[in-house]
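The values are calculated or read from the model by the stated rules, or taken from the named source; none is laboratory data. Since the model is a prediction, treat every value here as computed from it, not as a measurement. When we count neighbours, we look across all protein chains shown, and the Cβ atoms used for this are built from the backbone with ideal geometry, even at glycine. In case anyone asks, the SASA skips ligands and DNA or RNA and just uses the protein heavy atoms, side chains included. Shrake-Rupley method; radii C 1.70, N 1.55, O 1.52, S 1.80 Å.
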Amino acid sequence: MNNQTDTVGIAAIGYYIPSRVLTSEEIAQLSNFPVSVFIEKIGMHQKHIAEVDEHPSDMGVKAALNAIEQAKILPQEINFIAFCGAGHYDYSFWSPAAKVQDKIGATNAFAFEVRNFCNGGNLGLHICSNMLLANPDAHYALVVCSDKLSVLLNYADKDCLSTFIMADGAAAAVLKKGETTNQILAYHGITNGKLADYVKVEGGGTKFFDCKDEYDRNLNYLTVKHPKTLEKIFSEIYLNNYLEVIKTALHKSGYSSKDINFIFTNQVKKKVSNSILQSLGLTEKNTFVSLSEYGHMGAADTLFGLAKTLEQNLVKSGNIVVLANSATGFSWAAIVLKY
């Protein structure tokens, strides 16, 4: 039995969802795809998108304050802040973690970014958990997942159909050393770098910084290169890699897929999501599907799903909970908690 000082758990989860909504009917009109593609094939009826003047740090601050309030702690008690997500921040050369630290008044916290796309939240939990355990005087960490992904989308680019589910929102978790309701058990992640160049935003990087051509707005949109080739590769490796990180993280924890009570994944199209559940012997009763109403909010998806399930008092003592993600890059990661 571990001493409480040897364990870290999630003390509270907060989230922020922007009020503006874009329906699948509206996306269908913008993209010239049948609305049935979004509602029936993908499984999304609408998604939430941020206002023009609402940015990742703004949403992250709101989610963070919500989490801190629920955890019943003072911002000054926080030792570490990790701002996690895709890395498309308010500004291209800037620290959203430092902005959050200042805005919430966490004057004693060291703040940094974790840029690992949809895996950012899992990695942030893992890093912050280890930082708390490695520092005897540290007791609290804040993991903030916030992305404004909707601005990256060019609905006229049919090659990017798979990305049209991308939405905006934030979730934040307060980690506590010696948390009694749950503890983080293990983490595992893998990367297939051969897929790195298939999905990207070309504008803003050093390769285009000194571009002599006239400014091209399209460089700031997300692009998917060779979507059919990417789809073929995904069909061969995606599910296997997803299951590998889940089962390996469980094995490190001393458990197996048979022990899972709840799993929360990043929100992907209905067919893929169902395949993950079925491969683990699970159903929708073992998860929270937010895609239909909220779209895909990047790294915030899994914490948001866990938060909504906790609100319904469905997670019980002794339950094994898995947070699992895939991410542009392309990476897969899973983290295991025991309640």
If you place +1 on the Cβ of every Lys and Arg and -1 on the Cβ of every Asp and Glu, how big does the dipole about the Cα centre of region 214-339 come out, in debye to the nearest 20? 320
Three-way shape label, region 168-258, alpha-carbon gyration tensor, a/c 1.5: oblate
Qualifying GluC sites (Glu not before Pro) in region 12-92, DSSP loop, other Cβ atoms within 10 Å at most 12: E51
Take every Cα pair under 8 Å in the chain that's 6+ residues apart, average their separations, divide by the length, and report that relative contact order as a whole percent. 25
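With n ≥ 4 as the cut-off for DSSP H runs, can you work out [θ] at 222 nm for the chain, using -39500 (n - 2.57) per run divided by the number of residues, rounded to the nearest 500? Display every interim value, and only then the final one.
Numbers: 8 runs with 101 residues, N = 339.
Result for the chain, helices only: -9500 deg cm²/dmol.
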Among A333, T229, L310 the positive-end extreme of the charge dipole of region 225-339 (Cβ point charges): T229
Straight-line reach from K228: which lysines fall under 18 Å, measuring Cα to Cα and dropping same-chain residues less than 8 apart? K41, K158, K194, K200, K269, K271
Tell me, what ³J(HN,Hα) does each residue in region 87-103 have, in order and in whole Hz, if you take phi through Karplus 6.51 cos²θ - 1.76 cosθ + 1.60 with θ = phi - 60° and put x for Gly and Pro? x, 8, 8, 4, 10, 6, 10, 5, 10, x, 4, 5, 5, 4, 3, 5, 5
Give the separation of the Cα centroids, region 160-186 to region 279-315, in Å. 10
Rounded to the nearest 10 degrees, what's the angle between the helix 300-311 long axis and the longest principal axis of the chain, both from Cα atoms, 0 to 90? 50
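Please identify the chymotrypsin sites (Phe, Trp or Tyr not before Pro) of region 13-105 that satisfy two criteria: DSSP loop assignment and at most 15 other Cβ atoms within 10 Å. Which are they?
Within region 13-105, the qualifying chymotrypsin sites (Phe, Trp or Tyr not before Pro) (loop, at most 15 other Cβ atoms within 10 Å) are Y91, F93, W94.
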Under Karplus coefficients 6.51, -1.76 and 1.60, residue-wise ³J(HN,Hα) of region 121-136 in Hz, glycine/proline x: x, 4, 5, x, 4, 5, 5, 5, 4, 5, 5, 5, 5, 7, 10, x
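On the protein heavy atoms, probe 1.4 angstrom, tell me the percent of accessible surface of the chain carried by carbon and sulfur.
C and S fraction of accessible area: 50 percent.
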Lys and Arg at +1, Asp and Glu at -1: add these up for the other residues within a Cβ distance under 14 Å of K225 and post the number. 0
Unit charges on C-beta of K, R, D, E only; dipole of the chain, Debye: 960
Among L133, I13, W94 the positive-end extreme of the charge dipole of the chain (Cβ point charges): L133
Can you work out ³J(HN,Hα) from phi for every residue in region 140-157, in order, using Karplus 6.51 cos²θ - 1.76 cosθ + 1.60 and θ = phi - 60°, giving whole Hz and x for Gly and Pro? 9, 9, 10, 9, 10, 10, 8, 9, 10, 8, 4, 6, 7, 9, 10, 5, 7, 8
On average, how much accessible surface per residue is there in region 1-123, in Å², for a 1.4 Å probe, leaving out ligands, DNA and RNA? 49
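When only DSSP loop residues count, what GluC sites (Glu not before Pro) in region 278-319 have their Cβ near at most 11 other Cβ atoms within 10 Å? Provide the component values of the computation, followed by the final result.
Details: sites: E284, E293, E311; in loops: none.
For GluC sites (Glu not before Pro) across region 278-319 that sit outside H, G, I, E and B with at most 11 neighbouring Cβ atoms in 10 Å, the list is empty.
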